[in-house]
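Asks: Structure provided below as structure tokens; questions to follow.
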Amino acid sequence: MNPPAQTASNAHHDEELSGALPGHTLSAPSRHAFENIFEISPDAILITDAEGAIRSANPRSAEMFGYAPEEFILKPIDSLLPERLRMRRPSHRKRYTPLPTAREMGGGLCVFGIRKDGTEFPVDVLLKPIDTASGPGVMSFVRDLTAQRAAQETARRTDQQFRSVVESISDYAIYLLDREGYVRTWNPGGERIKGYSEEEALGLHFSRFFTQADSELGKPAKLLRQAAIHGRVGEEGWRVRKDGTQFWADSTLTAILDDSGEITGFAKVTRDITERKRREDSRAMLFSAELEANAEALKASEDRYRNVFHTSPEAVSVSRMNDGVIVDVNQAFLNVTGFSREEVIGRTTTELRLWPHVRDRLRLIDALRRNATCRDVEFQFRRKNEEVFWARLSATLIETDGAASILAFARDISDAKLAEEKIWGLAFYDPLTGLANRRLLFERLTRCTSTTARRHRKRAVLFVDLDDFKTLNDTLGHQVGDMMLQEVGRRLVNCIRETDIVGRMGGDEFVVILEDLSDVSEHAASQAKGVAEKILAAIALPYLLDGHDCHSASSIGITVFGDHKKDINEVVKQADIAMYQAKEAGRNTVRFFAPELQATVNDRATAEDEIRHAIQKGQFLLYYQPQVDSGKLIGAEALLRWDHPARGIVLPDEFIPLAEKTGLILFLGNWVLESACSQIAAWASKEETSRLTISVNISVKQMRHPGFVEHLLSTLQRTGADPKRLRLELTESMFVDNFEEIIAKMKRLKAHGLRFSVDDFGTGYSCLSYLKRLPIDELKIERSFVHDIVTDVNSGAIAESLILLSRALGLSVIAEGVETDAQREHLARLGCSSYQGWLFSQPLPIHQFQSLC
Ligand code: C2E
Ligand code: CA
């Protein structure tokens, strides 16, 4: 690494990251963590701007691609790809911006990189969209797969021979684990060394072979993680046989990758080396005697001792073995722990609470008693400020004033640990809640249940969606929203068993996977329902978030399945559909996916294609519903219809929601505006139609689109429509988010003469203070109030107050859904004289509408 250039790249990424990740603002500690990852990551990390120019690159990038660090700055990221991949790839911006969330987070694009000297090498790329100081950008994590690929290639070539060899080996336990550490294959060596037959071993978690202490310290999980990150990890330690006896094992754990470089599992090779260990131990006794002698010698020569002790960059301490009283420490120890010399000397490690896990100290003492010395063992310690950190410790027994003492050298490795955890975490965990992310959830779902006995057990996916989370987020802010999501995550975890898993799919959507349910479908369903009801109750309990009393509720969709060959995407989709059913059934409810709904799952995929197709084929048309005032036709509301070749005229409720979800509404909406404007222009030339207005429904996505205003103005200009004849119907929900931005857009359009109407008025969260600030012209009374106006006192009262309100604000008011004379008369008495509804006319095709004029 090149220090001056590294500093230059640092300066750059400081500036670049000022915008942080969307939704995950880099607070001080995580920013610090980022910097560490950036510096020491084994992956190349490159930050590019929206144009695909590299804004910042970590030292590893330079090593990997063979450039000097400063050569990267502003270089197109494309130039790190071989020519042939560049050719196939559209511009950087187009390629990255529309990636769906799963891909953005999950990564796993497997391509080739090209070094400065022109050589190619296989890489795995994980992309993450971020906001940088200069706008949206992309953070790319690039992992060099050369070594892994070579290993894979060799493995593939020797696969057959390998199998037969593995089968015949009995000195080594050689077996495969799945991604989570469950045993998938077993060889005779495994049986000989560990005592489990193949049948017994398959499906066991490999942590079963570790001592209880190691399991409690999380050693098995740690090994998996390290193997996942480094490809392979070797280790020695005590293992437990089926009969409970222990042996000293020398083992390696190797990550197995599929063609795309994804980890599919691990290979574990274990050898019983108890005998060799014994021989080494006796040599170690000699070695430790030597060390002791050295320590003695050091002590004897006071000056030398002081020198080594005090100048060592490692935290050195001498503490009594029996009671933990600290006899001496060096400056590095004080720096690392944050204590002063006075606070430490003569106090015990327990008083200072140096060991967050007291049993770790006992483990160390145990090891020292057995071996007199131990090297490079990782422990956690606590600083004075309560912060817990990881240190790599080597220790030996010495004698101080006749008492057995521990001379320990420790190096703070928290940064490396944090980086390791963070890299691991980025790939599989949701940074906000710490729960599994979409990628891990899918992996977990793809994994078959492990043992033969459990093969018929059912599993369930619960799709949990918070009701009205958006409102909380909008009213109390994202910080409180985030706190809510974190608390919901904690509550969910408390509702499930250890074998189950909770993850966050994104937004306010959580997924729970229940494992090992009954093999009888009905029982499994009632077990899943039990958990779902527990979750409903837990989420409904009050929350205290940042001083606010909050409430929440959830809707849960469940699907129970047992067939492992099932497409996992399908399973999740089913639970999602069931969740929508729950929402429709009135929220705070549980619904099961029923096979009848399968049609909906299939429909949804084809409907999207159909809409695209219909746009191309020109199957959409506008109907016009008359609006009257004091008996005179004043205009029409344009209502979208789909003239479906097989189904006839399809109403908007059947396709608008999907069009909104998929973004197709932008095309549709533009088409509607274009048609309405052309109509206005066509009417302008005739006396009887020139004064008619057309109201067009605008959906939230359209209004929020950055190019909306320009596009509409150019449509008006192109068609020659008079802007004063066009009225945009906006819903109240539009003003919940980005209020100022929407107002600004409205004002720009209003300056050209356009008018605005608030649709479905009275159903949303309107409050007077914002209504007053909106540049609107008209309120449209929701048809449900009109419907009940004669029969229901409340609806009458609401309608009356809406009419009074519009008058107070100087706005006009129109009632929609007027079906009877009684309703019209009632409205007229309340002071409303503009109406739209079946009493006057249904929405009509254009030629029929024109015959009314
Ligand atoms: P909306 O804006 O509330 O439109 C009024 C709906 O009430 C229309 O349904 C209309 O046919 C219906 N309606 C009219 N008079 C009566 C009546 O007297 N009684 C009853 N019960 N209903 C009446 P439609 O056409 O099915 O439209 C449904 C919704 O679809 C609209 O609700 C609007 O939100 C949306 N929509 C329609 N066209 C467009 C469009 O071009 N763009 C967007 N973004 N949304 C549209
Ligand atoms: Ca409307």
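The values are calculated or read from the model by the stated rules, or taken from the named source; none is laboratory data. Owing to the predicted nature of the structure, the values given are computational and were not obtained by experimental measurement. All Cβ positions, even for glycine, are placed from backbone atoms using ideal geometry, and neighbour counts span all protein chains on display. Surface accessibility is based on the protein's heavy atoms, side chains included, excluding ligands, DNA and RNA. Shrake-Rupley method; radii C 1.70, N 1.55, O 1.52, S 1.80 Å.
Asks: Ranked highest first by average number of other Cβ atoms within 10 Å, how do 66-76, 510-520, 188-198, 544-554 line up?
Replies: 510-520, 188-198, 66-76, 544-554
Asks: How high is the FRET efficiency between E584 and A538 when r is their beta carbon distance and R₀ equals 25 Å, given to the nearest 0.05?
Replies: On the way: r = 23 Å, r/R0 = 0.91.
Computed FRET efficiency for E584 and A538 comes out at 0.65.
Asks: Follow-up question, since we're still on this one. Under a plain spin-label model, where a point goes 7 Å from the Cα along Cα-to-Cβ, how far apart in nm are Q212 and K116?
Replies: 5.8
Asks: So what does the Cα-only Debye profile of region 185-239 read at q = 0.14, 0.30, 0.31 Å⁻¹, as log10 I(q)/I(0), no solvent term?
Replies: -0.43, -1.15, -1.15
Asks: What is the distance, in nm, between label points placed 7 Å from the Cα along the Cα-to-Cβ direction at H523 and at T475?
Replies: The answer from the label model is 4.5 nm.
Asks: Based on the Cα gyration tensor of region 314-438, what are the three equivalent ellipsoid semi-axes, each the root of five times an eigenvalue, rounded to whole Å and given largest first?
Replies: 30, 16, 12
Asks: Carbon-plus-sulfur fraction of the accessible area of region 219-264, 1.4 Å probe, in percent?
Replies: Ligands and nucleic acids excluded, carbon and sulfur give 51 percent.
Asks: Calculated FRET efficiency, D376 and R457, Cβ-Cβ r, R0 51 Å, to nearest 0.05?
Replies: 0.75
Asks: For region 166-271, what log10 I(q)/I(0) values come out of the Debye formula at q = 0.16, 0.18 1/Å, with one point per alpha carbon and no solvent?
Replies: Listed by q, the Debye log ratios stand at -0.64, -0.82.
Asks: Oh, and also: Just to check, using Stokes-Einstein with a Kirkwood Rh over alpha carbon pairs, what's the diffusion coefficient of region 618-776 at 4 °C and 1.567 mPa s in µm²/s? Mind showing how you got there, number by number?
Replies: On the way: Rh = 16.5 Å.
Taking Rh from Cα pairs, D becomes 79 µm²/s.
Asks: Under a straight-distance cross-link criterion of Cα-Cα below 21 Å, which lysines are reachable from K268, leaving out those fewer than 8 residues away in the same chain?
Replies: Here the lysines satisfying the reach criterion relative to K268 are K194, K219, K222, K242, K277.
Asks: Hey, rough spin-label estimate for Q246 and D821, points 7 angstrom out along Cα→Cβ, what's it come to in nanometres?
Replies: 9.7
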